[in-house]
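Heads up, the thing below is written out as structure tokens.
What follows draws every value from the coordinates through simple rules; no lab data is involved. These numbers were taken from a predicted model, which means no experiment stands behind them. Reconstructed Cβ throughout: ideal geometry from the backbone, glycine too, with neighbour counts over all protein chains shown.
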Amino acid sequence: MLTRPLKILAAIEGYLPEIVGGSNNYLQQMAVYFGSEGHRITILTPTYSDKLAEYESDGNIEIIRYKISFKQHNILRYLIRSGAEKTYDKFLYNRYFDVISLHSPHIGAGIKNSFSKKFIPFVYHYQSPHHEEEEILKRSISYSIFNPKKYLKYLWSPYSIREMRRTERECVEYADLVIVLSQWMKSKLSYIHNIPESRISIVPGSVDTKRFYPPENKYEVRKELGLPTNRPVILTVRRLVPRMGIDILIQSIRRVADKFNDICLVIGGEGYLMNELKSLVNKLGLNNNVYFQGFIKNELLHKYYQASDLFVLPTTELEGFGLVTLEALAAGTPVIGTNAGATPEILNKIDPELVVPAGDSVAMSDRIIRFFASSWWQKQIQQNCRLTIQRNYSRDLILNRLMFLYSRIAEPWELVNINNSAENTYKFANLNNKT
């Protein structure tokens, strides 16, 4: 295993603050931690904005952005891929990197083409099967011939899905190591792309326990956020898209409200289903029980966890891990989640009864009712929430494991670079002169 600082090139299709999401937060956590340990991280990403600088540097982290102005869906993928190749050739060709870290398929394919003749190990972070996400989205959206733009997208979608799957396979087959967040995702990756499990490592998500922690006084936090202090509060934070199951959760709250009429569900997040979900709330007579908070700013997120009695993760499909589950548990807030994906791998460590069948609003409502009806069960779960995180998912524990994998995979490749006379650029004598 290498003990010297590593130089890592990370590539992702959109980065903070422009794009907010699980993979972006994951890369940011990784970059900050690796940088604090002395490693140098270069992040390559496309941007769709004129407001963000093409180059930023902060300590051991630098960000290089290349502009994409055309957002048409399928051409966008080509521009992401070709833009990555051109930007690498222009700015990074003479730079030495110990490891290439890929976090998205199309930019990953572009980087792969640029580095195909160099002796540098590739690590691919496989957080979700993107083509399946697109299939789910296709099933959930109605298209009409009277809307030509949407109808053409509908006709093109089978080809688009196949292209996404092909690009994803291109990356994972080329990678020397594929990192997934859960056993569920490892099995899915192996099944979809026929990748040997020996090339796949599980490194679960992590949470900063110094930022996400139980409050001294939950009700003071509620006052600060403008939430009711005298009612039971349930929280969910999700994109408002079909596979997140927010409609199932709202339906379950209808039954819960019959038992606890003062129940309060706070929904954080945005998405194209917002109006449809608000109509469902109105139809079920839950206007006094369900509140849409919209996008919750990152600096306030931990307070919403602290203010809540229960967090519910109602996902119906493809929950590759669930970082929000860790964040809620770290704040001492119990979580009820579905069996759609990797959620049971987390919640079973606390109590298997916290897991309910995906898409079953009755089972979900029954479990929520049981939670609020049994103070003994509440207390038992609350005692194990943060302890489970500290033992299994604390940031330092997980990211140190990830850093070990990066150092280990870089070592044999450095020996190849030293001994390969055809690649003088990578001889050991020149390594320290590279920036």
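Calculated FRET efficiency, R199 to N25, Cβ-Cβ distance, R0 = 41 Å: about 0.95 to the nearest 0.05. Peptide packing for 306-313, 271-278 was compared via the average number of neighbouring C-beta atoms within 10 Å per residue; ordered from the highest value, the list is 306-313, 271-278.
List the aspartates and glutamates whose Cα lies under 16 Å from the Cα of K278, skipping any in the same chain that are fewer than 8 positions away. Partners found: D247, E270. Residues whose amide H falls under 5 Å from that of Y66, counting only those 5 or more places apart or on a different chain, are T45, T47, with hydrogens built in the peptide plane.
To two decimal places, what compactness ratio does the stretch 163-274 give when its Cα radius of gyration is scaled by 2.2 N^0.38 Å? Numbers along the way, then the final one.
Details: Rg = 20.5 Å, N = 112, 2.2 N^0.38 = 13.2 Å.
Normalised by 2.2 N^0.38 Å, the Cα Rg of the stretch 163-274 equals 1.55.
Restricting the stretch 78-115 to chymotrypsin sites (Phe, Trp or Tyr not before Pro) that sit in a DSSP loop and have at most 13 other Cβ atoms within 10 Å of their own Cβ leaves Y93.
Amide H contacts of L265: I234, V290, Y291, each under 5 Å away and 5 or more positions distant or on a separate chain (H built 1.01 Å from N in the peptide plane; Pro and chain starts excluded). Think of each Lys and Arg Cβ as +1 and each Asp and Glu Cβ as -1; about the Cα centre, that makes the dipole of the stretch 218-392 roughly 320 debye.
Please give the length that would be gained between R166 and L284 if that part of the chain were fully extended, namely 0.36 nm times their separation in residues minus their C-alpha to C-alpha distance (nm, one decimal). Write down the numbers at each step before the final one.
Numbers: separation 118, 0.36 × 118 = 42.48 nm, distance 4.33 nm.
Value of the extension gain: 38.2 nm.
Under 5 Å from the amide H of T315 lie the amide H atoms of T338, each residue being 5 or more positions distant or on a separate chain, with H modelled from the backbone and absent for Pro and chain starts. The HN-Hα couplings worked out from phi for the stretch 368-384 by the Karplus form 6.51 cos²θ - 1.76 cosθ + 1.60 (θ = phi - 60°) are 5, 4, 4, 4, 6, 7, 10, 5, 5, 5, 3, 5, 4, 5, 4, 5, 9 Hz, whole numbers, x standing for Gly and Pro.
Here the gap between K67 and F91, fully extended at 0.36 nm per residue and compared with their Cα-Cα distance, gives a gain of 7.2 nm. Calculated FRET efficiency, K210 to Y159, Cβ-Cβ distance, R0 = 35 Å: about 0.15 to the nearest 0.05. Kirkwood analysis of the Cα pair distances in the stretch 218-392 returns a hydrodynamic radius of 15.9 Å.
By per-residue mean of other Cβ atoms within 10 Å, what is the highest-first order of 358-370, 281-293? The partial results should precede the final answer.
Details: 358-370: 18.7, 281-293: 15.7.
Descending mean neighbour count gives 358-370, 281-293.
Descending by average beta-carbon neighbour count within 10 Å, the peptides 319-325, 101-107, 382-388 line up as 101-107, 319-325, 382-388, the highest first.
Magnitude of the Cβ-charge dipole of the chain, K/R +1 and D/E -1, about the Cα centre, nearest 20 debye?
On the way: 54 positive and 44 negative charges, 92 e Å.
That gives the chain a dipole magnitude of about 440 debye.
The phi torsions of the stretch 299-305, fed into the Karplus equation with coefficients 6.51, -1.76 and 1.60 and a -60° offset, translate into couplings of 6, 9, 4, 4, 6, 5, 4 Hz, rounded to whole numbers, with Gly and Pro shown as x. Residues in the stretch 387-400 carry Karplus couplings, in order, of 4, 4, 5, 4, 7, 10, 9, 5, 4, 4, 4, 6, 6, 5 Hz; the curve used is 6.51 cos²θ - 1.76 cosθ + 1.60 with θ = phi - 60°, and Gly or Pro positions show x.
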